[in-house]
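Please treat every number below as a calculation from the coordinates, not as lab data. Since we're looking at a predicted model, the values are computed, not measured. FYI the Cβ positions are ideal-geometry reconstructions off the backbone, even for glycines, and counts take in every protein chain you see.
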């Protein structure tokens, strides 16, 4: 679009006021409201560039259409319809893509790429961007050569199953706005602006009241103390770490740190932090220097071609081909004259009152405007020098260029035809020989049509394709490596075994082990009193499970190896859930499934094989799962669940955990009642296409180790340990040298100043925020803040931060209090049953059924006697020298050992009181219990029969909220149960049919959903008029479209709760959870 002069003048005036583009100026525009979120990301100028772009997509497959979709909308969609099979794919996709955004113009061509390249090659050069997806290699070479010569960027996308590649081919691409993650502030403090100097000189920090002092912009504080340091150092600007540290210490000396309603001088801490970035010596960024070299090279060539002896065609070639080169030439001239780049005119965020921040911002904006005016003047000179109009470059582009001058860059790639260098190929192949396949994981053949979503589409996938065989693979790699005179003997030319089949889905064993090994490497294992250090893991099994031992310890691993798991239903969700237990080394598992392997299973379940279609699914899955871990024992049963429940119900109660996946609702009710009565936890998983639910059913599950994210330190500072008091009293902070003072543990610092505060307050312990703030101020007053090689007293800042958590009044955690109540209730019932008049069977029931109840009874007695829980014996990390940290750690460990001895004595008394052996509970379990006493908890859920029929009040509330805010997870939960009713009546799930008119099931599903909602609400006397019982049509259609299909990427997300139940670690999720694969979120149903 060409702007007239009036529009250009208005745009120039706008940028003279501010060099930045303002989104707020166009909020009233409907288009601006529509694109509000993206305008905040790339601005009006970025949106204008998008709206002026012309994009060509070659290949309307899934990758291509999704790539093009991202230029229209941020949602998710599929761009073909079942009813339009047989129509031109380009036409169908273009029409559906246009529906995403009515502002976009879309067209299509049905021509073959190779034909159009010969007939009209100029057609391709009129686009801003070309995307090639699924294009033949020979056609890609011709197309990329054409576009590369005409400077049109090309994106090449390829997909093979679960693998995809994306490659950019661009001769020159200029980045106007790089948007770096952590840009350095452009403040010019080395040569400050005169107006800024005058503003700072007018700020008298010593005369300010507390509020104004704590809201002075850190930029003013930094400049004033920088000036003070430069005056003492002959005007020198800080050039190294030591000098910047000296400035930081000066700033720290000026901090008041008063405790009042106006804050705690956060602005002064910001000034100290900003020393690192704001006082770096100014130098030309390397990316800008590269642009200067390019501009100089172009101008040198232009001068050579401007010779009169050169042909007129060559002289014409001296004209710059693009605006960015003109601007870079001007920027180089600006830098040579000024010694700096144009000012961007922005300020970082800071704690400040509004008037002074706005004043500072206006100072920098006026300076940026002045630089912009000077830059525009130099640009006119450059343009006139080569015979161009003075207004060749739009004013908006000049302002954008100046604002981002520090982050400009030019991106170049090689042409698509140019292969990787031989040295690179050889290096990659040698690395593969040493470490195994790198960018090409081992693959296994699946030369069949993979089932897509929904099932009826599978006949359209990969039809008529020939799958490559291993013999075809070495030619490519040997051709690339052939240009080397010699290659290493460790450089394999032929692909290894199944890695040669590069168009097939990944091996289940490889993917499963890879996914499991990416566990969070969080180490909460202490060597005392439970657990052991890494150096004490000599056995092969310990080395094998080293990473997970760091997560849940030896005791957790032992629980896993003793567990027996039953999986009912060997579908994708079930096998993926079981895989997450086989890899860590579960003791044994049994798979129960009466079905046979089908072709559909091969498209979603990684633990079946195409060659074994027709074999028992339980047997095939068990064999392949056993291959993941040779330490695990696996078995299978082909019995039907309903038959085995009648024949041998006791079979199910011998397992540590039961997982039910894809089981009929009627069978689930019988199974869950049986397991709930025998206290065996059950996990119920269901999947419908892109949605899945996971539900835990457990009568009682005790969590021995909760692993909270931010545990409070257990230091007992309210009633400190005598040995700890003696150690702290021996530390004389005033007599320490600088190094020892800056490495004193913050725990010692905190205790000494806490004692000083308590002496001044009649021995009182801080009980509120104001009192803790007073302790923090005392600590701050004792900080030296000396600048030397021994640090900047980080330990003292740690002590100030620890005031918030370490000085909280001690009280019994609510979760532990609930356990005390349970123990008291059980003991009261035991005393009642111990009456001689009670039957012997009832008296026998008074014996505690589990160790955790014995331990909780003992813990309650310990707390009543001591007034505190057992000490855990650990310390948080802190800046300290080794000798004092180890001494403190040993003090707390000895105290924890003493508590453990006393707890064990009380436990023996409790056991003998009810007729049990004094050694009924293992010593390791006692130590684990005491170490985690603050975070113990008991998890309970209702039975599955109760969970599958929610309370009417809950149902009514969820339905009313849905009517107000739109569909919620509860609707999916309701529809899942409606699908079970549909299956009970028709013997199949909605949409699970080969009939093209699969949406015909939506009516029946809607009726089942209404009946189910009315049944759940039946006991309510009245229901609100705003309580809908009819499911939204789009949700009904989605479930019918799914057809109970299974998608592996959804199944892989399920099943993380099993390890929590087996190990007794981490708190399991007791709510029914819905996983939405479209948004990739877990949401509670209610």
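Taking R0 as 45 Å, what FRET efficiency do you get between residue 769 and residue 1082 from their Cβ-Cβ distance, rounded to the nearest 0.05?
E(calc), rounded to 0.05, equals 0.80.
Please work out the Cα center distance from the range 168-208 to the range 371-421, rounded to the nearest Å.
If you average the Cα positions of each part, the centres end up 21 Å apart.
Hey, fewest Cβ within 10 Å first, where do 633, 914 land in order?
633, 914
Pull out the extension gain between residue 920 and residue 646, defined as 0.36 nm times the separation in residues minus the alpha carbon to alpha carbon distance; nm, one decimal. The partial results should precede the final answer.
Numbers: separation 274, 0.36 × 274 = 98.64 nm, distance 3.66 nm.
Contour length minus the Cα-Cα distance gives 95.0 nm.
Under the 0.36 nm per residue contour assumption, what length would be gained going from the current alpha-carbon distance of residue 99 and residue 41 to full extension?
My answer for the length gained is 18.5 nm.
Most exposed first by the Cβ proxy, i.e. fewest other Cβ within 10 Å, how do 91, 31 rank?
31, 91
On a full-extension model of 0.36 nm per residue, what is the gain between residue 716 and residue 386, subtracting their alpha-carbon distance, rounded to one decimal in nm?
Result: 110.9 nm gained on full extension.
Tell me, 866, 1044 in order of fewest to most beta-carbon neighbours within 10 Å?
Ranking 866, 1044 by Cβ neighbours within 10 Å, fewest first, gives 866, 1044.
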